[in-house]
Amino acid sequence: MESNSGANDRIARIARHFLPQAEGDVCLRRSHCRAKGGAPGFKVAILGAAGGIGQPLAMLMKMNPLVSVLHLYDVVNTPGVTADISHMDTGAVVRGFLGQQQLADALTGVDLVIIPAGVPRKPGMTRDDLFNINAGIVKTLCEAIAKCCPKAIVNLISNPVNSTVPIAAEVFKRAGTYDPKRLLGVTMLDVVRANTFVAEVLGVDPRDVDVPVVGGHAGITILPLLSQVKPPFSFTPKEIEYLSDRIQNGGTEVVEAKAGAGSATLSMAYAAVKFADACLRALRGDAGIIECAYVASQVTELPFFASKARLGRGGVEEILPLGPLNDYEREGLEKAKKELAASIEKGISFIRK
Ligand SMILES: NC(=O)C1=CN([C@@H]2O[C@H](COP(=O)(O)OP(=O)(O)OC[C@H]3O[C@@H](n4cnc5c(N)ncnc54)[C@H](O)[C@@H]3O)[C@@H](O)[C@H]2O)C=CC1
Ligand SMILES: O=C([O-])CC(=O)C(=O)O
């Protein structure tokens, strides 16, 4: 059996290969290689990279040809995840960062930061029940972003998104770096679910379906606009009830099925990569990129709201109007706004208090 000191040596050896403070050792090995690194592309950091979402998200981002450098940060387990993912024969160079003392290195020079750090729900919990733990995590991470990569686009996944995005905004305001165009709460999973469930009802390919989902990312704040589905289709009242309920409670469906082992991770990683890829294509200068996201907004009287946004080099370049709503959706919007207002206020006062 390996002794404690043997195990420690082995961990130190592994860490030296993958962590930046061991650059000397890594250089020795790399001096034998011809790789120069620095392929064209964007530098992306994932904060919470060793988690249930973080790992598949890291794997999928390593496969994205727009990414040249991928930084994986977590408070645990990044050496192993980094070693594993770095063996994939795709272009992005992967570097691991472990613990708060390496957070600044993880963020320096980064174009896009994706944040799935924080605790997930267990059955019986609401997303708001995660506030007490995740609010502090998001605050700490955003303080470091403000210092180390204030111009980066931020994709915030940690729940409750309805409150964590206002928290991030307040942290950036305090630091004097707030640019509302660069802070985006990720609600893509709601769109992904809506497309899937609607396609099932219609009997079509989900890739051909586009459902705008507006409002926020929790229960009744998730408002699918089924009247605006593409391709156009008119649903029966029964179908509308079924679809609205399934889309609003998609997260809970997964939490209950996982029975205490967490919440959506694989579909979320897929959705996060779909969204991050849209942000990177927009950063590259591609035109006509429109996605739903929870952002600073004037679409309603609330300071934050999820709706379709046109993305560009600077982040959110235009927020599209909600478009015509039917009576059912108007009623849903009023209910959503009430809950959203409270969640936004809770986030803001967490920082201002
Ligand atoms: N926006 C959305 O649509 C969705 C959001 N989520 C949320 O994403 C979050 C993460 O979910 P999972 O990956 O399933 O959780 P997880 O517990 O599997 O992973 C979270 C990771 O965050 C890390 N972490 C904790 N504190 C940290 C810190 N201070 N700095 C860096 N990393 C830290 C943990 O070590 C862990 O590896 C949860 O809050 C969950 O509710 C989940 C699904 C969908
Ligand atoms: O439901 C949860 O707690 C995780 C989440 O946000 C989702 O799956 O939409």
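Can you give me the number of residues within region 282-309 that are surrounded by 15 or more Cβ atoms within 10 Å (Cβ to Cβ) and not β-branched (Val, Ile, Thr)?
16
Return yes when Leu225 is at pLDDT 95 or above, farther than 17 Å from Leu184 by Cβ and more than 13 Å from ligand 2 (Cβ to nearest atom) and no when it is not.
Judged against the criteria, Leu225 is a match.
Identify the residue in region 154-173 that is among the hydrophobic types (A, V, I, L, M, F, W, C) and under 15 Å from Lys274 (Cα atoms) and, among all such residues, is nearest to ligand 1 (Cβ to nearest atom). Let's see the steps before the verdict.
So the first thing to find is which residues in region 154-173 are among the hydrophobic types (A, V, I, L, M, F, W, C), and the list is 154, 156-157, 161, 165, 167-169, 171-172.
Adding the requirement that they be under 15 Å from Lys274 (Cα atoms) leaves 154, 156-157.
Details: Val154: 13, Leu156: 8, Ile157: 4 Å.
Here the residue is Ile157.
The rows are residues; the columns are (1) in a helix (DSSP H, G or I); (2) touching a residue at least 24 places away in the same chain (Cβ under 8 Å); (3) away from ligand 1 (no atom under 16 Å from the Cβ); (4) crowded, with 23+ Cβ neighbours inside 10 Å.
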position	(1), (2), (3), (4)
His217	no, yes, no, yes
Leu223	no, yes, no, yes
Ser227	yes, yes, yes, no
Phe235	no, yes, yes, no
Tyr242	yes, yes, yes, no
Asp245	yes, no, yes, no
Ala261	no, no, no, no
Met268	yes, yes, no, yes
Ala272	yes, yes, no, yes
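Being in contact with a strand residue (DSSP E or B) (Cβ under 6 Å, 6 or more places away or on another chain), more than 14 Å from ligand 2 (Cβ to nearest atom) and open to solvent by less than 20 Å² (accessible area, probe 1.4 Å) is true for just one of Pro180, Pro212. Which residue is that?
The match here is Pro212.
What's the number of the only condition in (1) open to solvent by less than 20 Å² (accessible area, probe 1.4 Å); (2) outside any helix (DSSP H, G or I); (3) within 16 Å of ligand 2 (Cβ to nearest atom) that Val119 fails to meet?
Single failed check for Val119: (1).
Please name all residue pairs, on different chains or six or more residues apart, with Cβ atoms under 6 Å, provided the first residue is in region 67-81 and is more than 12 Å from Ala106 (Cα to Cα) and more than 9 Å from ligand 1 (Cβ to nearest atom) and the second residue is hydroxyl-bearing (Ser, Thr, Tyr) and open to solvent by less than 10 Å² (accessible area, probe 1.4 Å).
Listed pairs, sorted by first residue: none to list.
So, in region 174-211, exactly how many residues are more than 16 Å from ligand 1 (Cβ to nearest atom) and either assigned to a loop (DSSP other than H, G, I, E, B) or within 20 Å of Leu320 (Cα to Cα) (or both)?
First, pick out the residues of region 174-211 that are more than 16 Å from ligand 1 (Cβ to nearest atom): 174-182, 198-210.
Checking the rest, the ones that are also either assigned to a loop (DSSP other than H, G, I, E, B) or within 20 Å of Leu320 (Cα to Cα) (or both) come to 176-182, 203-205, 209-210.
Total meeting the criteria: 12.
The values are calculated or read from the model by the stated rules, or taken from the named source; none is laboratory data. Because the structure is predicted, anything quoted here is derived from the model rather than measured. Don't worry about glycine lacking a Cβ; one is built from the backbone with ideal geometry, like all the others, and counts go over all protein chains shown. To get the accessible areas, we keep the full protein, side chains included, count just its heavy atoms, and leave off ligands, DNA and RNA. Shrake-Rupley method; radii C 1.70, N 1.55, O 1.52, S 1.80 Å.
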